[in-house]
Every structure is written in structure tokens, then in C-alpha cells.
Amino acid sequence: MNVNTDTLISISEANQNFSKVARLVDKYGSAVILKNNSPRYVILEFPKAEEVSAPADDEVMALSAMFIKKNKKVYEELAK
């Protein structure tokens, strides 16, 4: 994920001045809140948040099948 450095804000500053976070989101479409100097939270405009969705059931099932196949020996050992 590419992060625009103009959208970074510390968690303490976000806590003290949430209107600044809202202005960043209004201007850039998102803001990244840092905790201990690491990206921790992303604030998005609501329309963008609707675009971000959970994977479809068939995608989840395909991933599950892949993990089961990949780790078959481990699952068999755990089943004992």
C-alpha cells in the first residue's frame, strides 16, 4: 500500500485534534494514524470504505482449501 506522507498523523495529535484528521481525509481521501511511529490505522471517506469489502465466500473457500492442502500433514498430526 502506498502512503502519502502528507496524510500521516500521530495518534496523540489525532486524539487532541480530530478535526485535523477529518481535514486530511477531506483533502486526500484518507489519513494514516501512526502509533509508535508505525502506521496503525487508516481513516477513509465513507464511499471509499464501502469499496473495501470482505472477500466473497468462494474466495474464502478457495483459500481454505489451499491452506488445508498445504498443511495436510500438520492437520493429520493434530487430529491424532
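The values are calculated or read from the model by the stated rules, or taken from the named source; none is laboratory data. Just so it is clear, the structure is predicted and the values come from calculations on it, not from any experiment. All Cβ positions, even for glycine, are placed from backbone atoms using ideal geometry, and neighbour counts span all protein chains on display. SASA here: full protein model, heavy atoms, side chains in, ligands and nucleic acids out. Shrake-Rupley method; radii C 1.70, N 1.55, O 1.52, S 1.80 Å.
Out of curiosity, is Ala49 among the hydrophobic types (A, V, I, L, M, F, W, C) and in contact with a helix residue (DSSP H, G or I) (Cβ under 7 Å, 6 or more places away or on another chain)? The answer is no for Ala49. Residues in region 1-24 that are open to solvent by less than 80 Å² (accessible area, probe 1.4 Å), of a type in the set (Ser, Thr, Tyr) and out of contact with any strand residue (DSSP E or B) (no Cβ under 6 Å at 6 or more places or on another chain): Ser12, Ser19. Within region 31-53, the set of residues being at pLDDT below 90 and either over 12 Å from the mean Cα position of the chain (by Cα) or not in a helix (DSSP H, G or I) (or both) comprises Glu45, Phe46, Pro47, Lys48, Glu50, Glu51, Val52, Ser53.
For region 30-66, filtering for residues that are surrounded by 11 or more Cβ atoms within 10 Å (Cβ to Cβ) and either of a type outside the set (D, E, K, R) or touching a residue at least 40 places away in the same chain (Cβ under 8 Å) (or both) leaves 15.
In the condition set (1) modelled with pLDDT under 90; (2) open to solvent by 100 Å² or more (accessible area, probe 1.4 Å), Lys27 is compliant with all but (1).
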